[in-house]
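Computed from the coordinates by the stated procedures, all read-outs in this text should not be read as laboratory data. Since the structure is predicted, the reported quantities are computational estimates derived from the model, not experimental observations. Cβ placement follows ideal geometry from the backbone for every residue including glycine, while neighbour counts extend to all protein chains displayed.
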Amino acid sequence: MDLKRYWWPLATQTELDAGKPLARSLHGVPLVLFRDAANHAAALLDRCPHRHAPLSRGKIRQGELQCPYHGWRFATDGRCTAVPGMDHETGAKPLIPSFATRIEHGLVWACTHTHNANPDATTPEPVAPAVLEDVDWFFMTDTVQCGIAEAAENFLDGFHTHFVHAGWIRRDSKRQTVKASVHRLADGVEARYHDEGLQSGLISSLLEGDRQASMGRFRLPGIAEIEYRGRRGLNLLVTAWLTPECEGRLRIHARIATRRGLAPAWLKRALLRRLFAVILRQDKTILERTHANIEQCEKAGLDAPLLDSRLDLLGPSIRSLLLGQPLKLQNDEAIYCRL
């Protein structure tokens, strides 16, 4: 599957609004993000053609990038507009590859499928969160050393929460019998959990008065989403975009959304940010340790396939989707498990 033909989020709007160049990577390509004089987002290869200095270490001058080495300046299309100390005009030909950018859902997106500012006509639209309206939301971002399949399965797997997030999400001593079913989506796969009461951890007790339904879904090219609903509608929606910076490293943009209610948004944000900082740190630790262990075993010639069980509801399907393989699912086939 060609992940390069998709849009990927590289930063939040707030990060790009800082008024300075922003260094990012996508599929191993170093990029520099910035805003032009009209406040439009732009992305160039993060390399000055003169002496290959990183432009992201430079400055923005009147909506153009200024190289930190010799002060060459570049427009959003990669043209050199000024060379300090040179009398004659610069050429009209772009000297740096530019990449398509757009702003959607509070994020700055880029596509490296073509080396120009216009995406291919076949490029799918950026993947949106399941719920956009009547919610309070904020972003949390981080990087993690692992692949998309590893991070997505971790995010959507309920059976590690009793141990990695013991007491925060669930407790091993307070499991409940739940009916789970998995079905295809147009661009992914979803697990639905039926007859699940409130989770036994701190987060559920603070955020939910009741729970009627819960879903976990993966959508191509790399979005994982958890949704909890009660009698009054949405309780919690966490949407994580898993952007591949390079082989084995992701930048995660997690959008945490709750139903608007009596509590002010700033208060919920302050509480949730502290809680989810713990959860994300715990997941990052186990993911990076596991990824490093896999790499070490492979280098020692001890690579082996993953051993899946019936409780691995989404992992096998996520890997198949990313490999462009058909899913081996019986839609809505239910299994009973102790979650």
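Table for the structure above
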| quantity | calculated |
| --- | --- |
| Electrostatic dipole magnitude of the range 1-46 [Cβ: Lys, Arg +1; Asp, Glu -1; Cα centre; debye, to 20] | 80 |
| Computed FRET value (nearest 0.05) for residue 311 with residue 289, which takes r as the C-beta separation and R₀ as 25 Å | 0.75 |
| Estimated inter-spin distance, residue 39 and residue 2, nm [label 7 Å along Cα→Cβ] | 3.6 |
| Rg/Rg_globular for the chain, with Rg_globular taken as 2.2 N^0.38 Å and Rg from C-alpha atoms | 1.11 |
| Over 32 Å (Cα to Cα) - which of 4/93; 174/299; 4/174; 4/179; 4/299 fall in this group | 174/299; 4/174; 4/179 |
| Charge dipole of the range 135-338 about the Cα centre (unit charges at C-beta), most positive-ward option of 137, 215, 226 | 137 |
| Label point distance in nm, residue 60-residue 333, each placed 7 Å from Cα along Cα→Cβ | 5.2 |
| Helix-derived mean residue ellipticity, 222 nm - over the chain, DSSP H n ≥ 4, -39500 (n - 2.57), to 500 | -6000 deg cm²/dmol |
| Lys, Arg +1 and Asp, Glu -1 on Cβ, resulting dipole of the range 192-278 about Cα centre, debye, nearest 20 | 380 |
| Percent of C-alpha pairs per 5 Å bin, the range 1-152, short to long | 2, 9, 17, 21, 19, 14, 9, 5, 3, 1, 0, 0 |
| Dipole magnitude (debye, nearest 20) for the chain, charges at Cβ of Lys, Arg, Asp, Glu | 800 |
| All lysines inside 20 Å of residue 59 as judged from Cα atoms, apart from same-chain residues fewer than 8 positions distant | 20 |
| Pairwise FRET efficiency - residue 87 versus residue 325, Cβ, R0 = 56 Å, nearest 0.05 | 0.40 |
| Between the range 8-83 and the range 116-193, the alpha-carbon center distance in angstrom | 32 |
